[in-house]
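Participant: The structure that follows is given in the form of structure tokens.
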There are 2 protein chains.
Amino acid sequence: MHGEMAPGQALTLRGIGKEFGVSMTPAREAVRRLAAEGALFLSTSGRVSTPELTNDRIEELAALRALLEVELASRALPRAHIALIDRLQSINMTVAEMVTKRDAVGYIRSNLEFHRTLYLRAQAPAMLAIAETVWLQLGPTMRALYGRLRRTEPPHYHKLIIAALKAGDEPGLRLAVRSDVTQGLRLLVS
Amino acid sequence: MHGEMAPGQALTLRGIGKEFGVSMTPAREAVRRLAAEGALFLSTSGRVSTPELTNDRIEELAALRALLEVELASRALPRAHIALIDRLQSINMTVAEMVTKRDAVGYIRSNLEFHRTLYLRAQAPAMLAIAETVWLQLGPTMRALYGRLRRTEPPHYHKLIIAALKAGDEPGLRLAVRSDVTQGLRLLVS
DNA sequence: CACGCCGTTTTGTGATCACATAGTCGGATG
DNA sequence: CATCCGACTATGTGATCACAAAACGGCGTG
């Protein structure tokens, strides 16, 4: 999810088991679960690797993010009090820090934490879970993107999101979230 | 997915294995995968059962269905030619037949086939996959609903969907799909 | 030098087992 | 008669193993 693995990276059950000090059995279960969520790709012969997404798939996942996260943000809006907004601003500082440090994994992690913190207020666990599986699918690919980007701007749309939350501006919030989610992934389609 | 199992029905790995003539290992993998998709519930002690959904969860899943399926239908619309519409009408006759036969499982199965046939045209596999995991989560609960219903009406909204497809009427299609998806599940919230 | 073939190694699959724990049923006690 | 306790059973977990198939590498051949 955080882009620690490159797209197409191969994994073996024995390797995973050794890495975490367990046998093949728990490694297999974890792999199957992640594959069920689309986070890992299982070849026809059972080989495991992170997925290499096509442009079509990336666009589709971006559309899904927009669809789900706009709804989540909208549901969170009436419950977003000042303590939450403060917390979002604090996380946003970490995001900006990661950008200046050119830390791709740290950037993705803190960026997703920003979104998750907001969406948790939506009281919609099933929806949030699905959004997270989408993040999971995009993880390796997002890393490949942000690693390529030379020029990295501070999280502009995050500020718009916070402003819309403060103002209780639902249309503005929806637009800001959609833009934030779509922006980065638009660059990804090469 | 088709409501063949009641909500809260318990399962055992050994029982599943025996039922399908395999050992515990493949049964475990299947269960873990379905649990990852939300189709099965794993208690803290690892016990397996179908989920018993709360009203809040049902409402959330209904909202998800509306969100996803409206989008899928909308994407399918420009590609919906006459052959597809014919096929939908044919499936719809099966749906009506199941209604008159009071066959809950057959109704759910053919109803979902109607939706899936339409959404396949959307060329959005990730979105369709997510919609299907939502169906999976609702399966046992839907059965409980349709089993309770005495008065069963023919699929009114399906006809609206077909009419909107024929007319190329996107707003009408979106409304019809949303209504169709929401209608049944509204009754479910007791 | 490139291509293909064959033997070796790696890897996933499914079965089985020992173990710990949770669930269950029965009996004893108040 | 209800409740609680204890033994027994059922169940999931993780490890290990044998096997088959796929991937890999080196060798020989054209």
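Participant: Looking only at segment A:20-61, filter to residues that are under 21 Å from residue B:124 (Cα atoms) and in a strand (DSSP E or B); which one of those is farthest from DNA strand C (Cβ to nearest atom)?
Facilitator: A:41
So that you can scan it fast, the table gives a plain yes or no per residue for (1) within 14 Å of another protein chain (Cβ to nearest Cβ); (2) open to solvent by 10 Å² or more (accessible area, probe 1.4 Å):
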residue	(1), (2)
A:119	yes, no
A:128	yes, yes
A:141	yes, yes
A:154	no, yes
A:159	no, yes
A:168	no, yes
A:173	no, no
A:182	no, yes
A:185	yes, no
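Participant: Being in contact with a helix residue (DSSP H, G or I) (Cβ under 6 Å, 6 or more places away or on another chain) and among the hydrophobic types (A, V, I, L, M, F, W, C) is the requirement here; does residue B:91 meet it?
Facilitator: Yes: the conditions hold for residue B:91.
Participant: For residue B:60, state whether it is in the same structural domain as residue B:147 (by TED's automatic domain parsing) and touching a helix residue (DSSP H, G or I) at 6+ places or on another chain (Cβ under 9 Å).
Facilitator: Yes, satisfied.
Participant: Would you mention how many residues in segment B:1-24 are more than 24 Å from the chain's Cα centre (by Cα), open to solvent by 50 Å² or more (accessible area, probe 1.4 Å) and not charged (D, E, K, R)?
Facilitator: 6
Participant: Taking residue A:91, is it β-branched (Val, Ile, Thr), more than 16 Å from DNA strand C (Cβ to nearest atom) and open to solvent by less than 30 Å² (accessible area, probe 1.4 Å)?
Facilitator: Yes.
Participant: If you scan segment B:50-77, which residues turn out to be among the aliphatic types (A, V, I, L, M) and within 9 Å of chain A (Cβ to nearest Cβ)?
Facilitator: Correct list: B:61, B:63, B:64, B:67, B:68.
Participant: Could you check segment B:25-34 and list, in sequence order, the residues that are buried (at least 19 other Cβ atoms within 10 Å of the Cβ) and hydrophobic (A, V, I, L, M, F, W, C)?
Facilitator: Passing the criteria: B:27, B:31, B:34.
Participant: Here's another thing I want to ask about it. Does residue A:69 count as in a helix (DSSP H, G or I), surrounded by fewer than 21 Cβ atoms within 10 Å (Cβ to Cβ), in the same structural domain as residue A:118 (by TED's automatic domain parsing) and among the charged types (D, E, K, R)?
Facilitator: No; evaluated as a whole, the condition is false for this residue.
Participant: Now for a separate question. Taking segment A:1-34, which residues are under 30 Å from residue A:186 (Cα atoms), within 14 Å of chain B (Cβ to nearest Cβ) and in contact (Cβ under 8 Å) with a residue 12 or more places away in the chain?
Facilitator: Correct list: A:31, A:34.
Participant: Okay, moving on. List every residue pair whose Cβ atoms sit under 8 Å apart, with the two residues 6 or more apart in sequence or on different chains, where the first one lies in segment B:35-49 and is within 11 Å of chain A (Cβ to nearest Cβ) and open to solvent by less than 40 Å² (accessible area, probe 1.4 Å) and the second, anywhere, is small (Gly, Ala, Ser) and more than 15 Å from DNA strand C (Cβ to nearest atom).
Facilitator: B:38/A:126; B:38/A:129; B:39/B:139
The values are calculated or read from the model by the stated rules, or taken from the named source; none is laboratory data. Just so we're clear, the structure is a prediction, and the values are computed from it rather than from any experiment. For neighbour counting, all protein chains shown are included, and Cβ atoms are generated from backbone atoms with ideal geometry for every residue, glycine included. Side chains included, ligands, DNA and RNA excluded: accessible areas come from the protein's heavy atoms. Shrake-Rupley method; radii C 1.70, N 1.55, O 1.52, S 1.80 Å.
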